[in-house]
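The values are calculated or read from the model by the stated rules, or taken from the named source; none is laboratory data. The shown structure was predicted, so the numbers you read here are calculated from the model rather than taken from an experiment. Glycine gets a Cβ as well: all are built from the backbone with ideal geometry, and neighbour counts include every protein chain shown. In case anyone asks, the SASA skips ligands and DNA or RNA and just uses the protein heavy atoms, side chains included. Shrake-Rupley method; radii C 1.70, N 1.55, O 1.52, S 1.80 Å.
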Amino acid sequence: MMSPRASRDRADDSLLTLIGELPELVRNLVIAEVDAAKVWLQKTAKDAGVGAGWMALALFFLFWSIPVFDAFLIAGLSSWWPVWLSALVVLGATLVLVALFALLSLLRFRKLTRRENPAQSIATDVNIVKDVADEF
């Protein structure tokens, strides 16, 4: 038996021989495509996992850098204002930013819920076809 990737001269083969080998060639092609898809999926999943790990680490350090930056702002503002007023101004600015980003995310989620998902459009198409079929 020849390997699926080996090529041979088929110039002398008859048409019936070529047609007879067609199911095996299709089977080998499908198996090769499925194997290639499995390899691609494994590599992609590994890369996605490693990338997600690095992103989680970056977010961890970002999470802890925000309080340091706030302390820096409070220390800088305390050279002109009392420390309590500096802390209150930084807290107020942070809360304004939180409210702004929460509002932006709420608007984005509302846009998401307005979109028709593919299952709904398929159901609509099926209902249209049923209505047309009922007319006849």
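If you check SER79 against the conditions, is it outside any helix (DSSP H, G or I) and free of Cβ contacts under 8 Å to residues at least 24 places away in the same chain?
yes
Would it be correct to say that LEU57 is within 30 Å of LEU97 (Cβ to Cβ), without any contact (Cβ under 8 Å) to a residue 24 or more places away in the chain and open to solvent by less than 60 Å² (accessible area, probe 1.4 Å)?
Taking the combined requirement at face value, the residue does not satisfy it.
Could you identify the single residue in ASP47, ASP13, ASP9 that is in a loop (DSSP other than H, G, I, E, B) and surrounded by 10 or more Cβ atoms within 10 Å (Cβ to Cβ)? Walk me through it before giving the result.
Values: ASP47 fails: in a loop (DSSP other than H, G, I, E, B); ASP9 fails: surrounded by 10 or more Cβ atoms within 10 Å (Cβ to Cβ).
Answer to the check: ASP13.
Considering only residues of region 82-136 that are closer than 30 Å to PHE72 by Cβ and of a type in the set (Gly, Ala, Ser), which is least open to solvent (accessible area, probe 1.4 Å)?
Looking at the filtered set, the residue picked out is SER86.
Would you check which residues across region 82-119 are in a helix (DSSP H, G or I) and among the basic types (Lys, Arg) and list them?
The answer is ARG108, ARG110, LYS111, ARG114.
Among (1) without any contact (Cβ under 8 Å) to a residue 12 or more places away in the chain; (2) farther than 30 Å from ARG8 by Cα; (3) surrounded by 10 or more Cβ atoms within 10 Å (Cβ to Cβ), where does LEU18 come up short?
Among (1) without any contact (Cβ under 8 Å) to a residue 12 or more places away in the chain; (2) farther than 30 Å from ARG8 by Cα; (3) surrounded by 10 or more Cβ atoms within 10 Å (Cβ to Cβ), LEU18 violates only (2).
Scan region 72-93 residue by residue and report those that are among the hydroxyl-bearing types (Ser, Thr, Tyr) and touching a helix residue (DSSP H, G or I) at 6+ places or on another chain (Cβ under 7 Å). First the steps, then the outcome.
Within region 72-93, the first condition is being among the hydroxyl-bearing types (Ser, Thr, Tyr), and the residues that meet it are 78-79, 86.
Correct list: SER78, SER86.
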